[in-house]
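Report on one structure; see the data block that follows.
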Amino acid sequence: MNLDIVAKRLSYAGQSLDSLTAAVKAKDGLWRLDPLTAGFHDGRLELTASADLNSAVPKLALNGKAGGVSLDKLSSKVKGKLQNLQIAVTALANDKLLNSLNGKMSFRAESIAAGRISLPPPMHDQSVDIDYATGSFNIVNGVARSSDLRAHGPRIDVEGSGSANLPTQHLDMALTAKLDKMIPIPLKISGPFSAPGVSVDAARGLGGLGDTLRRLPGLR
């Protein structure tokens with residue numbers, strides 16, 4: 001079976017795809033969506049997907065990319081552009097789909113304005129603009145891990161690593177932030193996706209101070 005789909009607009013869960021075209025192919029228990037293209041919040045979305053129905057638990061695969069997407073149309077708390085998002089994942093179509101998710105994802109966002117954000121002492125709540133943010137994730141059994149998170153702005157530089165557990169919706173990140181050319185502040189972001197907590201990672205900060213002292217002449 002071959003099916004071509006054309007739609008002016010398709011909406012679901014508050015999100016819309018514009019000028020959508022898709023080709024669906026099915027043969028011998030293998031269904032393919034190859035490709036789907038559409039406008040998405042001022043940008044473009046392209047993806048291919050497949051479902052192998054020949055086993056007891058269907059196997060799913062998705063490859064996609066997006067660019068030029070307006071972040072403020074995804075969240076009222078963030079403004080900017082998602083210039084590049086690439087994802088390639090596989091999963092099993094059962095009630096533990098997120099636990100079986102494996103693959104890779106990378107992103108680059110630009111001109112980000114997050115509004116006023118809460119920061120722990122000695123930093124203070126303030127508005128922070130970011131020129132760009134980048135990172136990549138390796139996803140194993142539903143847990144996405146990154147070691148190359150970076151963000152840069154006129155007043156702030158951030159780098160770090162961490163994980164996002166998709167089945168439990170829990171975030172655990174270790175970041176180092178330098179604001180207004182101050183000394184680097186180690187931060188810990190941990191908690192549910194809906195309301196993660198931000199705190200100064202004192203243990204990591206003291207460890208870094210010890211490493212610095214050990215490198216000083218006469219203290220080795």
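What follows is calculated from the coordinates using simple rules that are stated; it is not laboratory data. Since the structure is predicted, the reported quantities are computational estimates derived from the model, not experimental observations. Here Cβ is always computed from backbone atoms with ideal geometry, including for glycine, and neighbour counts include all displayed protein chains.
Some observations on this one:
- Close amide H partners of Val78, meaning residues 5 or more places away or on another chain with modelled amide H under 5 Å apart, do not exist here.
- Residue (of Ile112, Ser16, Val6) at the positive-pole extreme of the chain, dipole from beta-carbon charges: Ile112
- Sparse packing (at most 12 other Cβ atoms within 10 Å of the Cβ) combined with a DSSP loop state is found for the following trypsin sites (Lys or Arg not before Pro) in the stretch 64-110: Lys77.
- Note on Lys65: lysines with a C-alpha under 26 Å away, same-chain residues under 8 apart excluded, are Lys8, Lys25, Lys27, Lys73, Lys77, Lys79, Lys81, Lys96, Lys104.
- Couplings 3J(HN,Hα) for the stretch 78-95, derived from phi with the Karplus relation 6.51 cos²θ - 1.76 cosθ + 1.60 (θ = phi - 60°), are 9, 10, x, 10, 8, 6, 8, 9, 10, 9, 9, 9, 10, 6, 9, 7, 9, 6 Hz, where x marks Gly and Pro.
- Approximate spin-label separation Arg9-Asp148, in nm, with each point projected 7 Å along Cα-to-Cβ: 3.9 nm
- Considering only Ser161, Pro196, Gly68, the residue lying farthest towards the positive end of the dipole of the chain is Ser161, judged by Cα position with unit charges set on Cβ.
- Relative to the dominant Cα principal axis of the chain, helix 202-214 is inclined by about 60°.
- Whole-Hz couplings from phi, Karplus 6.51/-1.76/1.60, listed for the stretch 46-56; x for Gly and Pro: 9, 7, 10, 8, 8, 9, 9, 9, 7, 10, 4
- Dipole in debye (nearest 20) - the chain, about Cα centre, beta carbon charges: Lys, Arg +1; Asp, Glu -1: 280 debye
- The relative contact order of the chain, computed from alpha carbon pairs under 8 Å that lie at least 6 residues apart in sequence, is 9 percent.
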